[in-house]
Amino acid sequence: MALEEGPVAAAKNSPAALRLVIATGTEQCARVAESFGVKPLARFTPQAYAIRRWKSGAASAVIVLGADPAGAMYGGLDVAEAVQLNRLPELREGDHAPYIPRRGIKFNIPLDLRTPSYSDNSHAAQMNIPEVWSFDFWRTFLDHMARHRFNVLTLWNLHPFPSLVRVPEFPDVALADVKRTLVPMDDSYSHSGSDMVRPALLARTETVKKMSIAEKIQFWRDVMQYAQDRGIEVYWFTWNIFTFGADGRYGITPEQDNLKTIDYFRASVRELVLTYPLLAGIGITAGEHMQDRQDEFSKEQWLWKTYGEGIRDALRRQPGRDLRLIHRYHMTSQDEIFKAWKDYPGTFELSFKYSIAHMYSIPNPPYIQPVLEHLPAGRKTWLTVRNDDIYSFRWGDPDYARAYLRHIPSADKIAGFYMGPDGYIWGREFLSREPETPRELVMEKQWFSFLLWGRLAYDPAIPNEHFGRVAQLRFPEVPSETLLAAWSAASKVFPLITRFFWGDIDVRWFPEACQSHWKHRGFYTVRDFIEGKTMPGSGVLSILEWRKRRLAGEPPAGTTPLDIAASLEQAASLALDTLPALRARQGNNKELRHTLGDIEAMAWLGRYYAAKIRGAADLALFDGTGKIAERDSALRHLRRAVDCWERYADIYAAQYEQPRLYNRVGWVNIPEAIAKVRRDVDMARQWKPGTVHDSQPGGHADQPFRK
């Protein structure tokens with residue numbers, strides 16, 4: 001039966017006053033548009049869709065024309081949202097296509113004690129091992145991804161193969177069941193991941209789920225099918241060379257020149273591709289556990305012999321399949337990559353850490369520029385957008401997210417992005433003192449943040465008013481305009497402080513706790529703030545740069561530390577001044593109460609950093625001049641910082657369990673840190689002029705053009 005004689009005719013002749021019609025694909029969309037006499041879909045690009053309105057007498061229809069199933073789904077979600085917001089009559093006609101074609105999530109996945117992720121020595125990872133083997137978890141996770149318009153899921157693990165595939169040449173490597181250690185984790189693990197599986201951990205284990213390798217394979221096939229049904233591509237990423245779960249069997253070791261290991265990896269990659277026909281691609285890293293050799297076992301030669309040849313082996317059996325290979329720039333060079341991978345039989349792309357570890361810093365990070373200048377024509381890179389700034393809080397500043405996404409380079413150079421942490425697990429949250437049952441997914445708890453990043457990545461023109469309406473639906477107790485003003489103001493704290501006090505990778509700077517785990521530095525003192533560097537490209541002067549110009553009588557050339565302090569104070573005050581009226585109306589809404597608690601905590605953290613910066617600036621002047629008045633002013637600001645941290649710690653501890661172990665910054669205990677905050681006052685009181693040191697540890701950016 002022709003479409004005009006079947007479903008379309010039924011929709012046009014339905015007795016309902018309002019009809020919803022969804023079409024997908026070139027032919028179907030053209031027929032629906034012609035039958036209803038509406039404007040056809042403007043562009044048949046992936047994920048594109050159009051909303052059309054039709055009216056005939058008392059009857060009307062909302063028509064979604066989707067270029068493909070994903071576009072039809074997104075259009076349908078627009079209509080559903082309009083219904084929820086009671087704004088369907090105002091839903092306007094329009095054509096929509098993605099601003100950034102691939103919008104992804106980076107998920108360090110803790111599969112098993114024996115096949116750990118990079119983040120496993122942490123509470124979040126250990127508690128999430130059972131969750132990542134629950135289909136209910138992935139159903140909810142993938143549904144939320146689709147609603148927020150994310151369409152790429154990247155799963156990162158040091159050596160996932162024993163938990164994912166059965167390799168005929170190495171059958172005993174495949175792991176049955178899902179195991180977790182009963183030995184408490186600590187902060188003594190290497191940041192390279194090399195000792196993530198210790199003998200002591202294997203000596204005391206528990207089985208959290210009984211599964212054969214065949215059941216595991218079916219599980220991940222089901223997950224990938226569910227993802228595909230929601231327009232989501234799935235990728236597996238690895239670091240190298242790790243052999244956890246296989247080490248010692250069949251002569252397999254992590255040695256780079258071990259031919260048996262090369263054979264094993266090549267066969268494992270082949271089986272990964274063959275076992276999962278819906279796998280969109282594989283991502284690889286030339287590290288963290290590889291040697292800089294210049295022979296036949298160099299990093300890139302090893303990766304080609306294992307991943308490259310393994311994929312080629314699989315594609316010989318599955319001709320016509322395009323498996324995307326994403327090669328990270330990290331710990332290698334562009335010249336070496338292209339030389340080794342010149343014969344790759346499919347889509348070959350790169351990946352670069354766009355803001356290193358801190359997406360909440362400035363919206364236009366400078367590190368990508370050398371890549372763009374040297375990237376050959378026709379080549380593209382993905383952006384790894386690392387969020388190692390915010391683990392606890394519900395962030396929400398649409399203006400910052402929009403600006404960040406608009407600054408992402410154009411699609412002729414950029415394949416897409418995936419955002420996520422290395423120091424936390426975006427599974428279920430295990431911080432709350434008042435958890436839901438089951439515990440919320442991080443994506444559920446931080447729903448507004450994921451909503452902003454996903455929706456604005458698809459369409460950065462969505463106005464703030466729309467997000468206000470969504471927030472009003474979620475929290476009808478309070479006026480959305482007031483809530484969003486407080487929320488976005490408090491959320492400015494993290495970008496402001498991180499552009500001022502810069503530690504490029506996560507082990508060097510965790511702003512929630514003002515600490516690092518770099519060489520066991522711990523809490524950052526007022527001296528650290530005086531001697532610290534600001535983010536490259538931010539235009540922010542460090543305290544020593546500012547002091548030098550001030551003592552020389554020169555005007556500041558850029559944003560000063562005191563400007564940052566004033567901005568922090570302003571943002572915090574706006575949020576805190578607004579909160580009493582919001583709290584008076586929160587009623588019994590626990591989620592709203594917790595959201596307001598996060599806003600208040602971020603605001604007091606902002607006030608703490610404002611006072612600490614002012615104290616550090618005055619102390620730096622005292623160091624240069626010896627004027628007692630400057631030291632006394634520093635002491636006043638640092639005492640104020642103590643008061644602010646105490647308020648911050650009280651609010652934090654009321655909502656979140658402490659202490660908590662994070663794999664990249666170690667133990668975090670916000671309330672106990674007050675003793676370290678108070679030491680800044682003692683340090684300032686005992687300060688001797690002329691004792692500042694102007695030296696800092698080096699950076700850790702990718703080096704894509706190293707020879």
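With the condition kept exactly as written, say whether any residue in the stretch 128-135 is of a type in the set (S, T, N, Q), assigned to a helix (DSSP H, G or I) and more than 30 Å from Asp263 (Cα to Cα). The answer is yes; a qualifying residue exists.
Candidates are the residues of the stretch 59-77 that are under 26 Å from the mean Cα position of the chain (by Cα) and among the hydrophobic types (A, V, I, L, M, F, W, C); the one that is surrounded by the fewest Cβ atoms within 10 Å (Cβ to Cβ) is Leu77. Figure legend. Inter-residue proximity from the stretch 641-654: first residues in contact (Cβ under 8 Å) with a residue 24 or more places away in the chain, second residues of a type outside the set (A, V, I, L, M, F, W, C) and surrounded by fewer than 21 Cβ atoms within 10 Å (Cβ to Cβ), beta-carbon distance below 8 Å, spacing 6+ or different chains. Indicated pairs: Val642/Arg678; Ala649/Pro671; Ile651/Gly597; Tyr652/Gln658; Tyr652/Pro671; Ala654/Arg433; Ala654/Gly597.
The selection criterion, being out of contact with any helix residue (DSSP H, G or I) (no Cβ under 8 Å at 6 or more places or on another chain) and assigned to a helix (DSSP H, G or I), holds for Lys548.
Comparison of Ala50, Ala80 shows that the only residue that is within 18 Å of Thr24 (Cβ to Cβ), without any contact (Cβ under 8 Å) to a residue 12 or more places away in the chain and within 32 Å of the chain's Cα centre (by Cα) is Ala80.
Here's the yes/no breakdown for (1) of a type in the set (A, V, I, L, M); (2) over 25 Å from Arg230 (Cα atoms):
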residue: Thr140; (1), (2): no, no
residue: Phe150; (1), (2): no, no
residue: Leu164; (1), (2): yes, no
residue: Phe170; (1), (2): no, yes
residue: Val173; (1), (2): yes, yes
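Scanning the stretch 350-360 turns up no residue that is more than 24 Å from Asp422 (Cα to Cα) and out of contact with any Asp or Glu (no Cβ under 6 Å at 6 or more places or on another chain).
Here is the figure for the stretch 618-636: residues that are surrounded by fewer than 24 Cβ atoms within 10 Å (Cβ to Cβ) and either not charged (D, E, K, R) or not in a helix (DSSP H, G or I) (or both) total 10. Does Ile311 meet the test of being part of a helix (DSSP H, G or I), under 25 Å from Ile414 (Cα atoms) and either assigned by TED's automatic domain parsing to the domain that holds Phe348 or over 28 Å from the mean Cα position of the chain (by Cα) (or both)? Yes.
Looking across Leu303, Leu325, one residue alone is more than 25 Å from the chain's Cα centre (by Cα) and hydrophobic (A, V, I, L, M, F, W, C). It is Leu303. When the stretch 545-585 is filtered for residues that are free of Cβ contacts under 8 Å to residues at least 40 places away in the same chain, within 19 Å of Thr534 (Cα to Cα) and of a type in the set (Ser, Thr, Tyr), the ones remaining, listed by number, are Thr559, Thr560. Among the residues making up the stretch 92-126, a single one is under 19 Å from the mean Cα position of the chain (by Cα) and among the acidic types (Asp, Glu): Asp120. Going residue by residue through the stretch 326-337, is there one that turns out to be of a type in the set (S, T, N, Q), assigned to a helix (DSSP H, G or I) and in contact (Cβ under 8 Å) with a residue 40 or more places away in the chain? Yes, because at least one residue in the stretch 326-337 is of a type in the set (S, T, N, Q), assigned to a helix (DSSP H, G or I) and in contact (Cβ under 8 Å) with a residue 40 or more places away in the chain.
Residues that are farther than 24 Å from Tyr118 by Cα and among the hydrophobic types (A, V, I, L, M, F, W, C) were ranked within the stretch 271-296; the one that is surrounded by the most Cβ atoms within 10 Å (Cβ to Cβ) is Leu274.
The values are calculated or read from the model by the stated rules, or taken from the named source; none is laboratory data. No experiment lies behind these values; they were computed from the predicted model shown. Here Cβ is always computed from backbone atoms with ideal geometry, including for glycine, and neighbour counts include all displayed protein chains.
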